[in-house]
Amino acid sequence: MKIAEKKAIKRESIIQTALQLFSVNGFHKTTIPDIAGKLQMSVGNLYNYFSSKDILAQEIIKYTSETLGKKIRVVNELDVSAEQKIHKIVDIYFTMAKEKPEMIEYFLRVYLSNREVFSGDCQGMVCVSGFITEIMVFFDDAVSSGELRNQDFFSAFGLFMGYLGGMVFLKGEDVLPQGIEFYIDDISRNIYNALKA
Amino acid sequence: MKPKLLWLQAITCNGNTHSFLNHPDLFSILSHFEIVHHPALDGSYSMEDVIAGSVPCDILILEGSFVEEGFLKGGIEVSKLIKTYANKAKHIISAGTCATFGGIFKQKDPDKISGFCFDLGEKTSRYASYASKLVSLPGCPMHPKWMSYVLMMIANNRVIEIDNLHRPVELYGYTVHTGCTRNEYFEWKIDTKNFGLKEGCLFYEQGCQGPHTRGSCNKILWNDVSSKTRSGTPCFGCTEPTFPQISLYSTKTNMGIPAKMPLGIPRRAYLTLTGVTKSFKIKRFTERLMDYDK
């Protein structure tokens, strides 16, 4: 294996470990030595990959956004109706919240809660464009085909993603009486009914 | 001997004739040719001679939309007249979008009216016969200097490189966006707030088709001074086979996303860039150009 490939694998393992620690313990309570310790690597070596905790946090949000974006891209490229695509996107989001909760928790509890960390090079959509772009593509296709009503992007985006984020937040707070997958059908229908032409 | 130039009109508003008359070096350019007949300038032959089919012709300039039957001049179908001289000519220049693709006048009878060699972007039955000598100069109207470029290339026996719709690439290889004074606003995705303002880009809300329209309007300026987009009016895409369209003063969007992407730009690439650039607020672009740094 080439050195560059080894480094890429190591880099991703740092991201995944830090992602878990940040999501569970919070951004401020997690230190670089914590992350290095869990990976059994030296703090100095970890700094060879990420020069600061803030930069690591920014790379993680790009990583989670791209991971989610890639899954939604697969849905976007399917030849199915917008209603079915909504169902699949909700399924992807909630399944991820169940099986890899750290991916969504990181967004809700680190990215949204520590804006000072992300206000510089990561402001606005810069670090979440992998995900936002696919949502834009979904809306563009669904309006072009006449299935969804044409409206301001953020009105639709807020309704769709705010709803999903809210449900995952409630799951994280352990207040949902049912497992998150129980809500997929109803929430998909609600979103479609709210956005349809 | 000077090449013999014949300018024939079919269904037209005379816009291209008038446009060419605005060329600052009109008579210098025309001095390289013998005008055998022109709708507005003196020629060596009358319209009666033209109709008789006896006029010599090296360069045929066509203006106006084409219809096979029902448009007569001096009792003769203009289509027949055009074919007579198109067969004689060594070069055919379709001047304007009507002669090239059908344009505005195609709207009267879309099934029958078209350009001479193209119907919108499709080849007509006449294409095969005349393609080898055809140069397209779409535009509503065409820029006078686009015509002089072609004429002077012909006069100097130079080869004119053309694209698949026979448009000279030297003139139409660019988009109208190229050279627009609003490009910084396009880069940072900042809309103009009204027509006629110097600030802001017209692509996002005001209907500008410059980023996906071929033409050198912002490279070879109109009246040597300005262009639609520079002066604050959207580009209407008048050089394209799809011209005219509707709602020319508003951008068709799907949930705020332009329905048509800039020429050759993949949608994901454009949307990614848009999301990133819109995340930044650049102070200079929020202020009037003339007030900044005062």
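At a glance:
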read-out: Single residue of B:51, B:82 found to be in contact with a Lys or Arg (Cβ under 8 Å, 6 or more places away or on another chain) and farther than 16 Å from residue B:150 by Cα; value: B:51
read-out: Within the stretch B:104-123, tally of residues that are closer than 26 Å to residue B:161 by Cβ, surrounded by 15 or more Cβ atoms within 10 Å (Cβ to Cβ) and touching a residue at least 40 places away in the same chain (Cβ under 8 Å); value: 6
read-out: One residue from B:21, B:30, B:81 being in contact with a helix residue (DSSP H, G or I) (Cβ under 7 Å, 6 or more places away or on another chain), not aromatic (Phe, Trp, Tyr) and not assigned by TED's automatic domain parsing to the domain that holds residue B:238; value: B:81
read-out: Residues of the stretch B:251-286 satisfying the condition of being in a loop (DSSP other than H, G, I, E, B), charged (D, E, K, R) and either exposed (fewer than 13 other Cβ atoms within 10 Å of the Cβ) or more than 9 Å from chain A (Cβ to nearest Cβ) (or both); value: B:252, B:260, B:281
read-out: Test: residue in the stretch A:136-150 that is under 24 Å from residue B:282 (Cβ atoms), within 11 Å of chain B (Cβ to nearest Cβ) and either touching a residue at least 40 places away in the same chain (Cβ under 8 Å) or part of a helix (DSSP H, G or I) (or both); value: yes
read-out: Single condition residue B:193 does not satisfy, out of (1) over 26 Å from residue B:3 (Cβ atoms); (2) surrounded by fewer than 15 Cβ atoms within 10 Å (Cβ to Cβ); (3) at pLDDT 95 or above; value: (3)
read-out: Total residues in the stretch B:125-158, condition in contact (Cβ under 8 Å) with a residue 60 or more places away in the chain and assigned to a helix (DSSP H, G or I); value: 9
read-out: Residue within the stretch A:104-127 that is within 19 Å of residue A:13 (Cβ to Cβ), within 14 Å of chain B (Cβ to nearest Cβ), of a type in the set (Val, Ile, Thr) and out of contact with any strand residue (DSSP E or B) (no Cβ under 7 Å at 6 or more places or on another chain) present; value: no
read-out: Residue, surrounded by the fewest Cβ atoms within 10 Å (Cβ to Cβ), within the stretch B:176-190, restricted to residues that are of a type in the set (Val, Ile, Thr) and over 15 Å from residue B:142 (Cα atoms); value: B:181
read-out: Qualifying residue in the stretch B:200-223 (condition: surrounded by 20 or more Cβ atoms within 10 Å (Cβ to Cβ), among the charged types (D, E, K, R) and outside any strand (DSSP E or B)); value: no
read-out: Search result, residues across the stretch A:81-127 that are within 30 Å of residue B:281 (Cβ to Cβ) and surrounded by fewer than 18 Cβ atoms within 10 Å (Cβ to Cβ); value: A:108, A:112, A:113, A:114, A:115, A:116, A:119, A:120, A:121, A:123, A:124
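The values are calculated or read from the model by the stated rules, or taken from the named source; none is laboratory data. Please read all numbers here as calculations on a predicted model, not as lab measurements. Because the Cβ atoms are built from the backbone with ideal geometry, glycine has one as well, and the counts that use them run over all protein chains shown.
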